[in-house]
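Visitor: Got a structure for you, written out below as structure tokens; questions coming shortly.
The values are calculated or read from the model by the stated rules, or taken from the named source; none is laboratory data. Being a predicted model, the structure only gives us computed values, none of them experimental. Note: ideal-geometry Cβ built from the backbone for every residue, glycine included; neighbour counts use all protein chains shown.
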Amino acid sequence: MYCSSGKLPSLMLACLLSSSFFVSAASEDPRKLLIAQIQQGDYISAYQTAESLFSDYAGDADFDYLYGLTARANDYHQKAIFAFERVLMAKPNHMNARLALAVEYYQVGNLAASETQFLLAREQANEPGIRDKVSAYLAQIDKKREASGSAWHGFVKAGLGYDSNVNFGLGDELYPIPIPGIGIADFQFPKQGEQLQKLAAMALYQQPLNKYSHYYVSLNAEKTFYSDLDQLEQSYLNLMAGYRRQQGRYEYNTSLMAQKFWFGSEDYHNLVALSGRFGYALNDRQKVLFDASYSIANNQQNDNLDLNSLSLKFSFQQQAWGGNAQAFLSARQEDVKNFNERSQHYQRSVVGIGLKASKKIADFSFSAGWKYEKSIHSELNRTILGIDGLQPFFAEKRRDHMRQYQVSVGYQINTQLSVNLTAKRNDKLSNQFLYSYDRNIFTSDIKYRF
């Protein structure tokens, strides 16, 4: 059964505690103490007991439900959310866990997730009284959305790190390079590692249109400095405006972005991109997403690098083991704007596949990702000619294989401040040796949200 309350924000924990649950009747079962403490209303001691039992019983649905209740009573909302999610992974029809999860999402301000859980609960409910109360709670969510009005969000971030190959060097080996009219000479393209510093900031404004949709405007900027290589510094400024709608299992998003990019101290390119997303929640743990974007890049240094790109991406998301996992397929077509012998080499098709996973444990967050991309250039590379100065040095069309690996660990100091450590490795193998390289990047940063 499920007990009701007059208002969603004041949904009584006592109602959830009155629900029936089962643990082993064996006298040595340490969970009996936890149950007794909950029934006595000693939630502080109950939470301490639940924490001491966590390593032995986490993953057991009955224990996770009790743990979630004690975490909720002590205002550890994120821990309660993870606990109730684990219950629903094992018992998708556990009505009280689903309703408790809906309330927790509401408490942390995630109205969309709260609404999704209440809608699922209404679909599963057999008792008319429960459906009526859930509808009342959904009305409270709508009122809160209407009352919240517009909102500002953002962050500032500063970081330090190390880049093992900032110049995309090949190593210490000698490579044959043609000099037209002279012959072949051997050259080195050594790697150069440098310390780096990063500064970043973002501001986002949201304005609701109705209970299902809002529009937004954001400004995002980042600059990367290298200790002794000012000419390789990178900066960008992104201005974006968009519209998002989420209703039931569906979500839609469209946005228009303008980017200004600087390389060294010089204006490098201007880019405009139109993007769209369609998402559908298969259930409360699985979602599919389809993304599409079209961009126009105008290079300020070289007209041969002006590109028009069309990108498509299909993703599948799954909540599992108290975390989130994603698999995706992607495709991109890049066409040069001014097709000629010097630009044709940059026209290519790119296909990719990737995996991502993330998990939060208490105040720590962990994530890992892998991505593979294959690039197929449709034309010969005439940017490098042979010793006759007429024929391409590379006789075959270019093929690249890129593999990227990334792991990250974060710690939430408080609701506004967090630190993060990231390690990333790129391996690129090309049939044209000049474009092969490997690169390791390590960064640590601190972020303040407002």
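Visitor: Determine, yes or no, whether Leu274 is in contact with a Ser or Thr (Cβ under 8 Å, 6 or more places away or on another chain) and either surrounded by 15 or more Cβ atoms within 10 Å (Cβ to Cβ) or under 24 Å from Leu204 (Cβ atoms) (or both).
Guide: Working: in contact with a Ser or Thr (Cβ under 8 Å, 6 or more places away or on another chain): yes; either surrounded by 15 or more Cβ atoms within 10 Å (Cβ to Cβ) or under 24 Å from Leu204 (Cβ atoms) (or both): yes.
For Leu274, the condition - in contact with a Ser or Thr (Cβ under 8 Å, 6 or more places away or on another chain) and either surrounded by 15 or more Cβ atoms within 10 Å (Cβ to Cβ) or under 24 Å from Leu204 (Cβ atoms) (or both) - is met.
Visitor: Here is a follow-up. Just need a number here: residues in the range 78-106 that are of a type outside the set (A, V, I, L, M), within 26 Å of Asp132 (Cα to Cα) and assigned to a helix (DSSP H, G or I).
Guide: If we filter the range 78-106 for residues that are of a type outside the set (A, V, I, L, M), which is where we start, we get 78-79, 82, 84-86, 91-94, 96, 98, 104-106.
From what's left, within 26 Å of Asp132 (Cα to Cα): 84-85, 91-94, 96, 98, 104-106.
Applying the additional criterion that residues be assigned to a helix (DSSP H, G or I) yields 84-85, 96, 98, 104-106.
Qualifying residue count, the range 78-106: 7.
Visitor: Being modelled with pLDDT of 95 or more and over 30 Å from Ser55 (Cβ atoms) is true for just one of Ser330, Ser367. Which residue is that?
Guide: Values: Ser367 fails: over 30 Å from Ser55 (Cβ atoms).
None of the other options fit; the residue is Ser330.
Visitor: A further question on this structure: I'd like to verify a number: residues in the range 321-360 that are farther than 30 Å from Phe393 by Cα and over 17 Å from the mean Cα position of the chain (by Cα), how many? Lay out the reasoning, then the answer.
Guide: Step one: of the range 321-360, the residues farther than 30 Å from Phe393 by Cα are 321-330, 353-360.
With over 17 Å from the mean Cα position of the chain (by Cα) added as a condition, the list becomes 321.
Total satisfying the criteria: 1.
Visitor: Quick one: count up the residues across the range 91-109 that are closer than 14 Å to Leu66 by Cβ and surrounded by fewer than 17 Cβ atoms within 10 Å (Cβ to Cβ).
Guide: First pass over the range 91-109, keeping only residues closer than 14 Å to Leu66 by Cβ: 91, 94, 96-97, 100.
Narrowing further to those that are surrounded by fewer than 17 Cβ atoms within 10 Å (Cβ to Cβ): 91.
Residues flagged as closer than 14 Å to Leu66 by Cβ and surrounded by fewer than 17 Cβ atoms within 10 Å (Cβ to Cβ) within the range 91-109 amount to 1.
Visitor: Also: Considering Gln286, Gln318, Gln300, Gln326, which residue is within 28 Å of Arg249 (Cβ to Cβ), out of contact with any Ser or Thr (no Cβ under 9 Å at 6 or more places or on another chain) and surrounded by 15 or more Cβ atoms within 10 Å (Cβ to Cβ)? Write out each step before concluding.
Guide: Working: Gln286 fails: surrounded by 15 or more Cβ atoms within 10 Å (Cβ to Cβ); Gln300 fails: within 28 Å of Arg249 (Cβ to Cβ); Gln326 fails: out of contact with any Ser or Thr (no Cβ under 9 Å at 6 or more places or on another chain).
Going through Gln286, Gln318, Gln300, Gln326 in turn, just one is within 28 Å of Arg249 (Cβ to Cβ), out of contact with any Ser or Thr (no Cβ under 9 Å at 6 or more places or on another chain) and surrounded by 15 or more Cβ atoms within 10 Å (Cβ to Cβ): Gln318.
Visitor: Within the range 51-64, work out how many residues are within 26 Å of Thr415 (Cα to Cα) and either surrounded by fewer than 24 Cβ atoms within 10 Å (Cβ to Cβ) or touching a strand residue (DSSP E or B) at 6+ places or on another chain (Cβ under 7 Å) (or both). If you could, list the steps in order and put the result at the bottom.
Guide: Pass one, the range 51-64, residues within 26 Å of Thr415 (Cα to Cα): 51-52, 54-55, 58, 64.
In the following step, the residues that additionally are either surrounded by fewer than 24 Cβ atoms within 10 Å (Cβ to Cβ) or touching a strand residue (DSSP E or B) at 6+ places or on another chain (Cβ under 7 Å) (or both) were identified as 51-52, 54-55, 58.
Adding up the residues that qualify gives 5.
Visitor: For the range 186-244, give me each residue that is out of contact with any Phe, Trp or Tyr (no Cβ under 9 Å at 6 or more places or on another chain), assigned to a strand (DSSP E or B), closer than 30 Å to Gly169 by Cα and hydrophobic (A, V, I, L, M, F, W, C).
Guide: Correct list: Phe225 only.
Visitor: How many residues are touching a residue at least 24 places away in the same chain (Cβ under 8 Å) and part of a strand (DSSP E or B) if we restrict to the range 314-348? Show your work before the answer.
Guide: Keep residues of the range 314-348 that are touching a residue at least 24 places away in the same chain (Cβ under 8 Å), which gives 314-330, 333-338, 340-348.
Remaining after also requiring part of a strand (DSSP E or B): 314-320, 323-330, 333-336, 348.
Residues flagged as touching a residue at least 24 places away in the same chain (Cβ under 8 Å) and part of a strand (DSSP E or B) within the range 314-348 amount to 20.
Visitor: Please go through the range 179-227 and give me each residue that is at pLDDT below 85 and under 24 Å from Lys260 (Cα atoms), ordered by number.
Guide: Ser227
Visitor: Out of all the residues in the range 371-385, is one or more out of contact with any helix residue (DSSP H, G or I) (no Cβ under 9 Å at 6 or more places or on another chain), modelled with pLDDT under 90 and assigned by TED's automatic domain parsing to the domain that holds Leu289?
Guide: Yes - at least one qualifying residue is present in the range 371-385.
Visitor: Checking the conditions here, which among Ala121, Ala112 is assigned to a helix (DSSP H, G or I), modelled with pLDDT of 85 or more and not assigned by TED's automatic domain parsing to the domain that holds Arg249? Before you say what the answer is, go through the steps one by one.
Guide: Details: Ala112 fails: modelled with pLDDT of 85 or more.
Result of the check over Ala121, Ala112: Ala121.
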